[in-house]
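Structure first, then comments.
The values are calculated or read from the model by the stated rules, or taken from the named source; none is laboratory data. Keep in mind the model is a prediction, meaning the values are calculated, not measured. Here the Cβ positions follow ideal geometry from the backbone for every residue, glycine too, while neighbour counts run over all protein chains shown.
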Amino acid sequence: MDWLGVSVVVRWLLGWWLARHLIPLPQARLQHKPAVSVLIPARNEEATLNHLLEGLRTQTLQPLEVIVIDDHSSDHTADIAQAAAQLLPLQLLQPPPLPQGWCGKTWALHNGVQRSAGEVLVFLDADTEPAPGLLESLVAQQQRLGGLVSVQPFHRTERLYEQLSLLFNLVGLMAVPLGPRCGVAFGPAMATSREHYLRSGGHQAVANKVVEDWFLAHRYEQAGLPVSAFVGDHQIAYRMYPGGLGDLVVGFDKNFATAAGEVRWPWMLAVVLWLSGLFWAAWCLPASLLGWPLVGDPQPWRHAVIYGAYALQLLVITQRVGRFRWSPLVFSIPVLFFLGVFLMAIVNLERGSVQWKGRRVSTR
């Protein structure tokens, strides 16, 4: 095997090492049963909110209150929340108009916390789908670890275009350390005590941040508080961007552009090395079969072995982060899509903003 083959094998093995750090949220018992306030920011979420509210009805740990902060939706989000108030201790809150210097989500949650009464605050995105034990496990970990505890939901896919998102969450999760006191936070599902939230400065301290979870984690650490994060496994899921391919592109573009400066570079370097092997495999097999120019041995069987190894790896690893049926087998297509969105993110980072849910969102 030549040096190039050895290099590809090393990069493939690096992928398995990175996947070891995809730690699921442990199932644990509460030290004591606290009063929990669940806060849900919602803007035009009529297609998803009901799944979350149904999930909250079946929780083994029932919350003291559920506060839906309707961020001036133009659809039936508020009606869905009001209907659920018959079955849940639910309040519907519409915050004042968005002031300058705030993002919609941070403004909504800031107002929601001011209205809440629980000793533990749980923030859930409106498109999340919790299993019955989610609140109990999440709050139990917060009691054990303190500070801010968060979970990245399992990525549920339905339509064909959603298979193109194969690499996005996987790369985002592999590029950061996970587990107790890792210093990383995921916004879709977070838990904290009210005391620690106030000590960190809360959402007011990250008012203008699009990826508020990353910056809120920094505020907790600056306050001397631990920050822990896990993957949701099958305790919480979401279906990202069900509105179509356009929403998927802009959503990942927005997150790419705004989070690019917050990655931890030793981890990101490892991910880039792994990705370089994946990209090589994605290119070389079709290139050798079609007679396109490529570097290295043009024999298709060698590239087929490399391609198959990466496809197997993706099949195994992605089971921890989402439901991707066939896309790991034809990963050359998701790789092209990933690169396209990445280039768009660089352009939008230079432009300074993207359009999202009817608002111009800063990427700086």
- Query: Which residues, taken from the stretch 1-55, are of a type in the set (Lys, Arg) and in contact (Cβ under 8 Å) with a residue 60 or more places away in the chain?
  - Reply: 11, 29, 43
- Item | Sole exception among (1) surrounded by fewer than 23 Cβ atoms within 10 Å (Cβ to Cβ); (2) without any contact (Cβ under 8 Å) to a residue 60 or more places away in the chain; (3) among the hydroxyl-bearing types (Ser, Thr, Tyr) for residue 200, by number | (1)
- Message: Whether any residue in the stretch 182-197 is at positive phi and either in contact (Cβ under 8 Å) with a residue 40 or more places away in the chain or surrounded by fewer than 20 Cβ atoms within 10 Å (Cβ to Cβ) (or both) is what I want to check.
- Response: yes
- Message: Scan the stretch 150-169 and tell me whether some residue there is among the hydrophobic types (A, V, I, L, M, F, W, C) and modelled with pLDDT of 95 or more.
- Response: yes
- Query: residue 22: closer than 26 Å to residue 240 by Cα, surrounded by 14 or more Cβ atoms within 10 Å (Cβ to Cβ) and out of contact with any strand residue (DSSP E or B) (no Cβ under 6 Å at 6 or more places or on another chain), yes or no?
  - Reply: no
- Consider residue 176 against the criteria (1) in contact with a Gly (Cβ under 9 Å, 6 or more places away or on another chain); (2) within 24 Å of residue 340 (Cα to Cα); (3) part of a helix (DSSP H, G or I): it satisfies all of them except one. Which criterion is unmet? (3)
- Task: Could you tell me whether residue 217 is small (Gly, Ala, Ser) and over 25 Å from residue 324 (Cβ atoms)?
- Result: yes
- Query: Restricting the first residue to the stretch 86-110 and requiring it to be closer than 9 Å to residue 69 by Cβ, which pairs with a second residue that is of a type in the set (D, E, K, R) and surrounded by fewer than 20 Cβ atoms within 10 Å (Cβ to Cβ) meet a Cβ separation below 6 Å and a spacing of at least six or different chains?
  - Reply: 93/115
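Take the residues in the stretch 232-244 that are in contact with a Leu (Cβ under 8 Å, 6 or more places away or on another chain) and surrounded by fewer than 23 Cβ atoms within 10 Å (Cβ to Cβ); name whichever of them is modelled with the lowest pLDDT.
Going through the qualifying residues, I end up with 241.
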- When you go through (1) polar (S, T, N, Q); (2) touching a Lys or Arg at 6+ places or on another chain (Cβ under 6 Å); (3) not assigned by TED's automatic domain parsing to the domain that holds residue 131 one by one for residue 73, which number turns out not to apply? (3)
- Item | Options 250, 171, 184: the member that is assigned to a loop (DSSP other than H, G, I, E, B) and among the β-branched types (Val, Ile, Thr) | 184
